[in-house]
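Heads up: the structure comes next, in structure tokens.
The values are calculated or read from the model by the stated rules, or taken from the named source; none is laboratory data. Computed from a predicted structure; not experimentally measured. Quick reminder, even Gly has a Cβ in these numbers, built from the backbone with ideal geometry, and neighbours come from all protein chains shown.
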Amino acid sequence: MTLVRPRPRISVVICAYTEDRWDDILAAVASVRDQSWPAEETLLVVDHNPALLRRLRDHYEGARAGEGARVLANAGPRGLSAGRNTGIAASTGEVIAFLDDDAVAERDWLRHFAGGYADPRVLAVGGRTEPVWASRRRPAWFPEEFDWVVGCTYRGLPPGRVRVRNVLGGNASFRREAFDAVGGFASGIGRDADKRPLGCEETELCIRLARARPDAVLLIDDRAVIHHKVPAARERFAYFRSRAYAEGLSKALVARSVGARAGLATERRYTTRVLPAGVVRGLRDALLGRAGGAGRAGAIVAGVSAAAGGYLIGTARARRAGGARFTIAAVPGPSAPGADRGGSP
């Protein structure tokens, strides 16, 4: 007789910080409510915005079971990492999934996440993030190889359900035991009060996890799809360049923490294979008279240059500072079911 492992209970954490995304936040919560694999709970973590915290608590107060969200204040320093850590500590599920506050999940998003955990070695499962452009279509100059700039899945990631070094934070899930093994997301790498669009906190966490648990399997399943809004300001070349530069700064911190070999292993393949192929594709399109070909080739070169510049400057800063400038939170165990459903953690 074959024993079938029960699929896990999944808590969903959505981090929010601005009332400007009010409608997006409600849509994100609604997309979790409508999942074919029901979430154990939805936790909305508000990042140091008392007005938004009150408004969301008023909105979801009295909602029927499964239709609302548990609204919490970020219990740590300002920033996405501390917000996620607050959600992890307050959650009750065996798996914690993360959804961006300006994204909506397809109906089978959690079902595909749950399916990945049938293998007990799997400690993380990510999905595919599709851009929803404010202008309703991709800017002709914007290369798919750089969709990570706007928080989406980029050309170069393998299709299907595949093993990866790291998942992408806005569409990801982890077993709780992953956080038991390595602590939470590191503060000081990703987005915080600084206006510069930093990132890489999920990369650093996944590398730490692989070191602590060499047997761990991390997957991306491209059937677990979310649709992520790209505002008009992020369709501009100025944002593209600043985000690429900030990625270089973040990668320098990651490399300083975990070593360049682990911190840049995936990036080496990306820069030596994926990006040159993208430049060739863009130049070929230009020769064939297709719109945007030369712009895409130029944007790839500019993006690589900006990221490389950020990495060099970030490396120099980290050396002068004597090490990485971030901290790793210890995440407490889950709350008891039903505890403190309406208040701050």
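When A181, A186, A172 are checked against the criterion of being buried (at least 21 other Cβ atoms within 10 Å of the Cβ), modelled with pLDDT of 90 or more, farther than 21 Å from E235 by Cα and small (G, A, S), A172 stands alone in meeting it.
So, in the stretch 218-255, how many residues would count as being touching a Pro at 6+ places or on another chain (Cβ under 7 Å) and farther than 17 Å from A307 by Cβ? Residues in the stretch 218-255 being touching a Pro at 6+ places or on another chain (Cβ under 7 Å) and farther than 17 Å from A307 by Cβ: 4 in total. Here is the figure for the stretch 3-51: residues that are part of a loop (DSSP other than H, G, I, E, B), over 15 Å from A90 (Cβ atoms) and either touching a Gly at 6+ places or on another chain (Cβ under 6 Å) or not charged (D, E, K, R) (or both) total 12. Taking the conditions (1) modelled with pLDDT under 95; (2) under 30 Å from G115 (Cβ atoms); (3) surrounded by fewer than 16 Cβ atoms within 10 Å (Cβ to Cβ) in turn, G68 satisfies each one other than (3).
Every condition in (1) in a strand (DSSP E or B); (2) closer than 26 Å to P231 by Cβ holds for I96 except the one numbered (2).
Got at least one residue in the stretch 155-175 being touching a residue at least 12 places away in the same chain (Cβ under 8 Å) and in contact with a His (Cβ under 6 Å, 6 or more places away or on another chain)? The answer is no; no qualifying residue exists. Only one residue in A134, A103, A140 is touching a residue at least 40 places away in the same chain (Cβ under 8 Å), within 24 Å of A186 (Cβ to Cβ) and not basic (K, R). Which one? Result of the check over A134, A103, A140: A103. If you go through the stretch 80-103 one residue at a time, do you hit one that is crowded, with 16+ Cβ neighbours inside 10 Å, modelled with pLDDT under 95 and touching a Lys or Arg at 6+ places or on another chain (Cβ under 7 Å)? Within the stretch 80-103, one or more residues are crowded, with 16+ Cβ neighbours inside 10 Å, modelled with pLDDT under 95 and touching a Lys or Arg at 6+ places or on another chain (Cβ under 7 Å). The residues of the stretch 110-153 that are hydroxyl-bearing (S, T, Y) and crowded, with 18+ Cβ neighbours inside 10 Å, listed by number, are Y117, T129, T153.
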